[in-house]
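In what follows, a single structure is set out as structure tokens and then discussed.
What follows draws every value from the coordinates through simple rules; no lab data is involved. Just so you know, these numbers come straight off a predicted model, no measurement behind them. A quick note on method: Cβ atoms are made from the backbone with ideal geometry, for glycine too, and the neighbour counts reach across all protein chains shown.
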């Protein structure tokens, strides 16, 4: 049974494993620094489909299929699937996964959805309610632009604080295997809203939530930043990273030596026109599944905090002058099953 060690932090008694995982991305993601680590890459943003939304569903389905293939599993071997995306009613997930016949939880955590789904899958497997659970999410630049900003044909200008929504997906099968990477602890985020109203500055809206969750986890677990090889947020980008470090330093917490951000890792900010960095559900998901988990399995990293962030915004409410609430969910992922 998982142990509650704080109001929102749980220690997983059996430390389930990220038993199989896969990452998929588009052309721009393949041209980035992590491109060679992806399992699947697509040159055509449409993925052979008629619409951007259908393309995202295909992206998520293909990623799940690849994760199952790598784990030598069939859909019927999975007890539960936790999935979500950025589209209304999580249609990227529901339409992409509807043919698999796996009991389905649809989740929405904006860009924090990979951590949210992985937290839920880990808790279910650790408690014995599921033998195998699958966590997956995705995003698509074109479908996100249409929903949250303007159709691509509009040709709107993007300010320097704006981030580029990744066309990417990540999927993880969670089960008890006794092999790394191990999912050791989870921290469920609380909604934090400091009044940011600029929909083109997601990093500023999400940074306070990341600071709150990281601080909460360190306090609840009795650990320090130097106990971890990497404290990885996703996806604050260039603006949000600076704000996060400043907010934590005000509380006497310095993570500058351990911190990196998925929005800064996925793309090359010098050679790729992504302004403040990458974003979208698929950004942190693909970085985790293509780069971080393999290195934990290999022992390159021993202890990693994966803290995915999300801006829980609605275009309608933002147009009405509402501020943008942020959320951050966190997992401690390790190469060892116990401390």
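Just a few scattered comments:
- Förster-model FRET efficiency, 35 Å R0, residue 98 and residue 193, C-beta, rounded to 0.05: 0.55
- Selected from 61, 250, 28 as most flexible by GNM, with the chain as the system and alpha-carbon contacts under 10 Å: 250
- DSSP-defined beta bridges in the chain - what % are antiparallel, rounded to 5: 65
- Listed residues 148, 217, 38, most fluctuating in the chain (Gaussian network, C-alpha, under 10 Å): 148
- Shape of the stretch 16-175, Cα gyration tensor, a/c cut at 1.5: prolate
- D_trans [Stokes-Einstein, Kirkwood Rh over alpha-carbon pairs] for the chain, 4 °C, 1.567 mPa s, µm² s⁻¹: 67
- Diagonalising the gyration tensor over the Cα atoms of the stretch 182-334 and scaling each eigenvalue by 5 before taking the square root yields semi-axes of 24, 18, 14 Å, largest first.
- Percentage relative contact order, the stretch 223-288, counting C-alpha pairs under 8 Å, at least six apart: 40
- Averaging the Cα positions of each part gives two centres, and for the stretch 167-243 and the stretch 248-308 these lie 9 Å apart.
- Gaussian network model of the chain, springs between alpha carbon atoms under 10 Å - residue of 124, 182, 306 with greatest fluctuation: 124
- Prolate/oblate/rounded label for the stretch 16-55 (Cα gyration tensor, a/c 1.5): oblate
- Taking other C-beta atoms within 10 angstrom as a stand-in for reagent exposure, 116, 53 fall in the order 53, 116, fewest first.
- Length-normalised contact order for the chain - Cα pairs under 8 Å, 6+ apart - percent: 25
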